[in-house]
Every structure is written in structure tokens, then in C-alpha cells.
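Colleague: One structure follows; several queries about it will come next.
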Amino acid sequence: MKYLLSGDLGTSGIKIGLVSEAGELVESTYQSVRYHTQGSGRVIQRVETFLDETLRLIRLIIEKSQVDPRDIVALSLSSQMGGIIGVDKTFVAITGLDMGLDLLSERYNRWFQDRYADFVNLKSCGSPRNFPKILWWKRERPEIYEQVVKFVTLNTYVVGRMAGYKNQDVFIDYTLLSFFGNEDMVKRAWSEELSQELGVSVDKLPRIVPPWTIVGKVSSEIAEKCGLLGGTPIVAGAGDQPAGFLGGGFCEFGTLVDVSGSSTLLSLYVPFPVRERDNPVVMYMPSVIPGEYHAFTYINGGGTTLNWFVEEFASGDDREEMYRELTERSEVLPLGSEGLIFLPYFGGRQCSYDDTIRGGFIGLSWWHKREHLFRSILESLAYNQALGFSALHRLFPWFSSWKVFAMGGGTRNRLWNQIKADVLNIQYIPVDDYKFPLLGNAIIAGYGIGLWDNLVPFSLRREEVYPTTFYPNRDNNRVYREFLSIYERLITSPLSKTFLLLRELSERG
């Protein structure tokens, strides 16, 4: 039996697994990782933590599974898609991980999207984050920028260290173009003209490769640390979302997926992009499968707001217990949290882009308690998904899905699942997504070394194994439509009108 080692380096944690050539996840492990906020806009994760923990977990998996390292024929890693690392000529990280949640570069993002709106909206994937970060380093920290030989993503960095990279080997796969901004999405290439106009040499950017490209081999030094054989092939891998969608079997046209993780995302699988010149709501990720796309809307750090609220305003040491208590108290509240709406855009609005919007509770009164605030967060994140759902329908009227597959840690909250089903008026089906990025990366690795002759080597999704379905309540949907209209008005209209409508709805009960 041959095995593929796969991993996912996420914002909240690291997953490592072993997948057999029969497509079974035979062993896996998880290690949570933390990020830290420092002052206005600064969010930090240590890049070396990801490398050290990945190597430790690989050794742990090999020991737990008792699989002979000689039977592990390749490995592949995915990672969080927003964020960059600048490496010097010795492939040492000199910028640290400038992660997606970090907002220091946001004014460059605003300027870039204003100045180059046509390129961003019509040629790129539509959601710049990483290229504005590069501009920040160039203009705010020029002494460090000059030492940077390449800007890479997190999985590229860890893979590069495992393979003993020199900088000429540096890569990213084409799914990770999604959050740069200076890419030509269809051509899967950097825009040399735009990059050079802004003074960023394309030599500082990694080469772009298909996800299944063999990009190196495990070095003998790293092999001693992690238990793999030296020379084990390393395959490029993908961004965490495209890898998970592939591993979950969601690469079928018209499939809807809701992701409730550190960021919240609603994705529709489509055969081609439909672009909008002004204020687009829908962005695109290239699929692992060539020429196909994940059309999506998202909130940067949307799910993180729940962690923020529980950690800052709930009492107790057990986070799971605090979630459970707040959920139970929230369940008995009226729809609409008794006239309270929450704005979840702590990092600015991305779809469509408006970094002047931030988070806030609208309609607070003396009778509101913590459970009201908690429920309003759940409801308002669902309102944002509903706006994305409408935008996807407008651009792709041919799809008529009656169900959403729900992924991410947020799916453990039954109340939130039901709220989203009611707000969107569609069935929500929570799925056990833990293994999806691990399966996705294993598929990519197996295809890369020729173990399989296609990117769908076995049936991955069988709906009958997901018995829990949340069905929409039509009466609840009618009520939520009124609050949804107020939520949408909040983004475009004066607050005075919003307060009046909220009060009228609350008084009607």
C-alpha cells in the first residue's frame, strides 16, 4: 500500500494526515495555533512556529500510523491564502508572516483598488490583499524590502525549508493567486506591466505552477527531524479553500459551499467568471481543476468576530462551555435579537470593497444582554451570506441549488446553521470537513507523481452520510427578509432611517 502525506496550514491550526492510495484518511492529527493583536491593525503569527510544528506533527503521524516511511511516496501542503513572507537570499524569513488579518497595509489596498479598479475588477481575481502588502513593505520598510529576494506564501515557505530551497526554486500554485491583486486570472500569470508600473520587479514574485507540479524533495536534514525519507517528492499543493473543495468533492458546477471558519465565505462552483466593472460583490478563486472557478463572497475574519466576542465579553475559562451557554440563551430570543443588528466588517468590507466600514452593534438598548449581542452576530453574518447568495444568483442565473454544504468550525453551532437556513431560505447540510483539505492535497500529490491519471480519482461526496440537514422555516424567512433589508440599508443609507426601521420592527414583535 502506498501513502500520501498531506497537510493544511490554516489560520487557526495545522492539520497533518496520511491518505492511502485507496483514498482513505488512515491517520491524522491537529495542532491549534494562535495569533496575537498588537495595536491598531497589527495581527501576528510566528512563521517558524508553522515550520517547527509541521515537522513535529509529521513525525507524530508516522509513529502513530506505524507506516513505513518508504511507503510514503509524496507530500503536499496547503495553507491560508491571504498573507506573504519575504525571504532573503538564504531563504530566511525577514518580514515574518504578514498575514491576511493584518491591516497595516490597508491604505495601500484602498489606493490600489481606487487607482486600478478596472484591472482589479476585470482582470485579477478581484480580491487584492497580498500585492498591497508588498507595496507597504516597499514604501514603509524599504531597507527590508531591498533585502527581500522573493515574496512567498506560507505553504511555499514551509515547503521551501523542507526542500532546502535556493530562491530560484520559489513557486506558488495558481490557486494562490486569488488574494494577490496583480495577477491576470485567466492567463494564470503576473501582470508585468502593472507590477513594473508600481515599481515591484516580477523577479521578487514566485514562479506560478499548476498545483500538481513536483517542486522539490525532502532534504536529508529535514528527513532526520520529521521521520520522512530524504528524497521524498514534494508536490506544490494549493490554497486551503480550493484544496478543501477538491477533497470534499465540491468541484461540480452549481455546487454551493458555506465556509464558517476564521473567515466566512460562500462559494459557487462555475465554469467561467462573469465580471463586473463597478463595485463587484463576487470574487474568484481558480479551481485546482484547470479552467474552472470558485465564485465567492467573503468577510475577512468574519468567524473571528465570534471568538473575539466570547473571549472579551463572556465569563469563564472554558471556551466551549461559554459558546454553549451563549447559544442556549440566544435560542429563546425573538428573531432579530429584539431590534439589534451587528456589522461584522472588523477588517473592512471586501465584497464589494469598502475599507471605511468597520464593526459595530446598531440598535443597542438597555434591555439587550450578552446573548442578544451573540445572536445578532450569528444573524448578521447570515445576512451577509444572503447578500452574497443574491449576487451569485444575479451573475449565474442558471444555477438553482436548493442546498448548501456547510464547512468549518461554525457548523458545530446548530443555532447558526438554522439561522442561515432561514435567512437564505435554503437547506444547510453540515459536513465533516476536517479531512477535506487533507484529501484534496493527497489527490494533488498522487496526481503529481502519476499515482492517479485524473484529479477525481475516487468518489468523495456521498450525501447519505450527512444525515443532519437544517430546513428553512418560511415564517422565519419572512421576518428575516425585513431585517435583511435593514442590514443592506446600513451599508448605503443614513443611520437615522435604520434606527427608525429597527425600532418599528422591534415594536411589532
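Colleague: What whole-number distance in Å separates the alpha-carbon centres of the stretch 389-459 and the stretch 259-281?
Modeller: 14
Colleague: Taking the highest mean first, how do the peptides 32-45, 63-76, 163-176 order by number of other beta carbon atoms within 10 angstrom per residue?
Modeller: Packing order, densest peptide first, comes out as 163-176, 63-76, 32-45.
Colleague: Mind giving me the nanometre distance, one decimal, between the label points for W366 and L451, set 7 Å out from Cα along Cα→Cβ?
Modeller: 6.6
Colleague: Another one. Have a look at H36, L75, L228 and report the one farthest towards the positive end of the charge dipole of the stretch 3-243, computed about the Cα centre with Cβ charges (Lys/Arg +1, Asp/Glu -1).
Modeller: The one lying farthest along the dipole's positive direction is H36.
Colleague: Taking θ as phi - 60°, what are the ³J(HN,Hα) couplings along the stretch 125-135 by the Karplus curve (6.51, -1.76, 1.60), each to the nearest whole Hz, with x for Gly and Pro?
Modeller: Whole-Hz 3J(HN,Hα) from phi for the stretch 125-135: 6, x, 9, x, 9, 6, 5, x, 5, 4, 4.
Colleague: Under the rule of at least 5 residues apart or a separate chain, name every residue whose amide H is placed under 5 Å from the amide H of A189.
Modeller: For A189, whose amide H was placed from the backbone, the distant partners under 5 Å are D184.
Colleague: Mind giving me the FRET efficiency for K403 and K2? R0 is 41 Å, r the Cβ-Cβ distance, nearest 0.05 is fine.
Modeller: The computed FRET efficiency comes out at 0.70.
Colleague: I've got another one for you. Just to be sure I understand the model, the point goes 7 Å from the Cα along the line to the Cβ. What's the resulting E143 to F313 distance in nm?
Modeller: My value for the distance between the label points is 4.3 nm.
Colleague: Once a ≥ b ≥ c are taken as the square roots of the eigenvalues of the Cα gyration tensor of the stretch 215-323, is the result rounded (a/c under 1.5), prolate (a/b larger than b/c) or oblate (a/b not larger than b/c)?
Modeller: Oblate, because a/c is 1.5 or more while a/b does not exceed b/c.
Colleague: Taking the beta-carbon count within 10 Å as an exposure proxy, list T213, T411, T153 from fewest neighbours to most.
Modeller: Fewest-to-most Cβ neighbours within 10 Å comes out as T213, T411, T153.
Colleague: Can you run phi through the Karplus equation (6.51, -1.76, 1.60; θ = phi - 60°) for the stretch 303-312 and list ³J(HN,Hα) in whole Hz, with x for Gly and Pro?
Modeller: Calculated HN-Hα couplings, in order: x, 5, 4, 5, 4, 4, 5, 5, 5, 8 Hz.
Colleague: Report the FRET efficiency, 1/(1 + (r/R0)^6), for S220 and E192, where r is their Cβ-Cβ distance and R0 is 51 Å, rounded to 0.05.
Modeller: E(calc), rounded to 0.05, equals 0.85.
Colleague: What is the sum of charges around M185, taking Lys and Arg as +1, Asp and Glu as -1, for the other residues whose C-beta is under 13 Å from the C-beta of M185?
Modeller: Net local charge, M185 excluded: +1.
Colleague: While we're looking at this one, here's another question. For D354, list long-range residues whose amide hydrogen, built 1.01 Å from N in the peptide plane, is under 5 Å from its own amide hydrogen.
Modeller: Amide H neighbours of D354: R349.
Colleague: Give me S506, S105, S400, S260 ranked fewest to most by other Cβ atoms within 10 Å of their Cβ, as a rough exposure proxy.
Modeller: Result, fewest neighbours first: S400, S506, S105, S260.
Colleague: Okay, next question. Given Cβ point charges of +1 (Lys, Arg) and -1 (Asp, Glu) and nothing else, what value in debye, to the nearest 20, does the dipole of the stretch 3-243 about its Cα centre take?
Modeller: My answer is approximately 400 debye.
Colleague: If you take every residue apart from V33 with its C-beta less than 14 Å away from the C-beta of V33, what net charge results, scoring Lys and Arg +1 and Asp and Glu -1?
Modeller: -1
Colleague: Also, I was wondering about something else. In nm, to one decimal, how far is the F253 label point from the E328 one, both placed 7 Å along Cα→Cβ?
Modeller: About 4.9 nm, to one decimal.
Colleague: A further question on this structure: Which shape class, rounded, prolate or oblate, goes with the stretch 98-215 when its Cα gyration tensor gives a ≥ b ≥ c as root eigenvalues, a/c under 1.5 marks rounded, and past that a/b bigger than b/c marks prolate?
Modeller: oblate
Colleague: Once you charge only the Cβ atoms, +1 for Lys and Arg and -1 for Asp and Glu, what is the size of the charge dipole of the chain about its Cα centre, to the nearest 20 debye?
Modeller: In debye, rounded to 20, the chain gives about 580.
Colleague: Here is a follow-up. About its Cα centre, what dipole magnitude does the stretch 234-370 give when the only charges are +1 on Lys and Arg Cβ and -1 on Asp and Glu Cβ, stated in debye to the nearest 20?
Modeller: Once rounded to the nearest 20, the dipole reads 360 debye.
Colleague: Between R508 and E488, what FRET efficiency follows from the Cβ-Cβ distance if R0 is 22 Å, with the result rounded to 0.05?
Modeller: Step by step, r from the Cβ atoms, then E = 0.70.
Colleague: Show which lysines lie in cross-link reach of K15 when reach means a straight Cα distance below 17 angstrom and same-chain residues fewer than eight apart are skipped.
Modeller: The qualifying lysines are K64, K435.
Colleague: Another question, if that's okay. In what sequence do F458, F180, F389 fall when counting other Cβ within 10 Å, fewest first?
Modeller: F458, F389, F180
Colleague: May I ask you to compute the full-extension gain from L229 to F458, defined as 0.36 nm times their residue separation minus their alpha-carbon distance, rounded to one decimal in nm?
Modeller: This chain segment gains 79.7 nm when fully extended.
Colleague: Are any of the pairs K123/K150; K166/K225; K150/K420 more than 31 Å apart by Cα-Cα distance, and if so, which?
Modeller: From the list (K123/K150; K166/K225; K150/K420), the Cα-Cα distance tops 31 Å for K150/K420.
Bear in mind that the values in this text are calculations on the coordinates, not laboratory data. Note that the structure is predicted; figures quoted are calculated from it, not measured. Backbone-built Cβ (ideal geometry, glycine too); neighbour counts: all protein chains shown.
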